Amino acid sequence: MNDHILRATFANDSGRIFVANTRETVNKAFEYHKTSPVMTAALGRTLTGAAIMGSMLKSDDDLLTVSIKGDGPGAGLTVTANNRVQVKGYPYNPVVDIPLKPNGKLDVSGALGYGTMTVIKDLGLKEPYVGQIPLVSGEIAEDLTYYFAKSEQVPSAVALGVLVDRDYTVKQSGGFIIQMLPSASDEIISELEEKMGKIKSITRMLDEGMDSEQILNELVGDMQPKLLDRIPVEFYCNCDRERVEKALVSVGRSELEDILEKDGQATLHCHFCNKDYHFDENDIKAILDRPQK
């Protein structure tokens, strides 16, 4: 697996930076969902952003969910990530065909429309942390920048990009998040803001052959970066027949008896990987015959 996130600090540990290459992960999502180019970009940007945010989680059991709901033809999407940077996600409407922007770019904001972004962090506490913001642009990166400032009070620069090839597969995908810590000086912040106004897009840097280390150096190379680690990223759906069967059992005995009487079978669908799990009459009878716990 070539996909990864580089984590580093810079400017005497007064800032931190995450640089992600996610082409294979986003292409796997495309293969599962057969998304149109604009929805590949929407889902891919969110997968990349969530992957980086997942790498910020502390515990193996922590889980992050990013949910976007909009009034555009794409309707929205849901993405999850854990601290092992296993991500998965699905669009509510995978095929959206709208015109490109005047600059020739995919119109992700037009596909999603006006709506909300909700970030849920299940950190093993009694209640999960929930932060919600209105979509400020619908382009994902700007929305995450606003989320970090509004909900977590962390000044951040976020860039996310997906370059779709002519055959609709993913040619390039990646992103970065730069965050300033409380110890950052005004001079460092001003220097970084000036630099952000001049850099190329993340997909252009990737398409020109720059690797993650070179992109990191391009962003903060003159601010004494210290590389901390390189974390693998993958699209990973943890559904299996046993897990899905537990979901079927959870509907209750009377509901299962009703399914058996009316349909004689049940098919449960995983939205994340588009896999169907079929339970025939014998399967349902076997579940009903088990001793009640």
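What follows draws every value from the coordinates through simple rules; no lab data is involved. All figures in this text were calculated on a predicted structure; none of them were measured in a lab. Cβ placement follows ideal geometry from the backbone for every residue including glycine, while neighbour counts extend to all protein chains displayed.
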Legend entry - At R0 = 30 Å, FRET efficiency that the Cβ-Cβ distance of Glu281 and Asn93 yields, to 0.05: 0.35
Inset, instruction - Mind checking which of Gly110, Pro182, Leu160 is farthest towards the positive end of segment 98-249's charge dipole, using Cβ charges of +1 (Lys, Arg) and -1 (Asp, Glu) about the Cα centre? - result: Gly110
Inset, instruction - Mind ranking 36-49, 152-165 by how tightly packed they are, going by the mean number of other C-beta atoms within 10 angstrom, highest first? - result: 36-49, 152-165
Legend entry - Rounded to 10°, Cα long-axis angle of helix 37-55 versus longest principal axis of the chain: 80
Inset, instruction - Working from Cα positions, state the angle (0 to 90°, nearest 10) between the long axis of helix 186-196 and the longest principal axis of the chain. - result: 70
Inset, instruction - At a Cα cut-off below 28 Å, give the lysines reachable from Lys28, other chains included and same-chain residues fewer than 8 away excluded. - result: Lys58, Lys69, Lys88, Lys101, Lys105, Lys121, Lys171, Lys200, Lys246, Lys275
Inset, instruction - Enter the angle in degrees (range 0 to 90, nearest 10) between the Cα long axis of helix 141-151 and the first principal axis of the Cα atoms of the chain, meaning the one along which they spread out most. - result: 90
Inset, instruction - Work out the charge dipole of the chain with +1 on the Cβ of Lys and Arg and -1 on the Cβ of Asp and Glu about the Cα centre, then indicate which of Gly264, Thr80, Pro232 is farthest towards its positive end. - result: Pro232
Inset, instruction - Note down the relative contact order for the chain as a percent, whole number, built from C-alpha pairs under 8 angstrom at least six residues apart. - result: 23
Inset, instruction - Report the relative contact order of segment 241-289, percent, no decimals, based on alpha-carbon pairs under 8 angstrom and at least 6 residues apart. - result: 34
Inset, instruction - Could I have the simple spin-label model distance between Asp289 and Asn2, label points 7 Å from Cα toward Cβ, reported in nm to one decimal? - result: 5.2
Inset, instruction - Using packing as a proxy for protection, rank 10-17, 81-88, 241-248, 227-234 so that the peptide with the highest average count of other Cβ atoms within 10 Å comes first. - result: 81-88, 10-17, 227-234, 241-248
Inset, instruction - With +1 on each Lys and Arg Cβ and -1 on each Asp and Glu Cβ, and nothing else charged, work out how big the dipole of segment 4-235 is about its Cα centre, in Debye to the nearest 20. - result: 420
Inset, instruction - Using the Cα centre as the reference, give the magnitude of the dipole from point charges on the C-beta atoms of segment 241-289 (Lys, Arg: +1; Asp, Glu: -1; all else neutral), rounded to the nearest 20 debye. - result: 280
Legend entry - Residue (of Gly138, Phe18, Ala42) at the positive-pole extreme of the chain, dipole from beta-carbon charges: Phe18
Inset, instruction - Counting other beta carbons within 10 Å of each Cβ, put Val66, Val130 in order, fewest first. - result: Val130, Val66
Legend entry - Computed helical MRE - 222 nm, the chain, DSSP H runs ≥ 4 contributing -39500 (n - 2.57), nearest 500: -10000 deg cm²/dmol
Legend entry - Label-zone membership for segment 80-109, site Glu142, 7 angstrom Cα→C-beta point, backbone N under 16 Å: 101-109
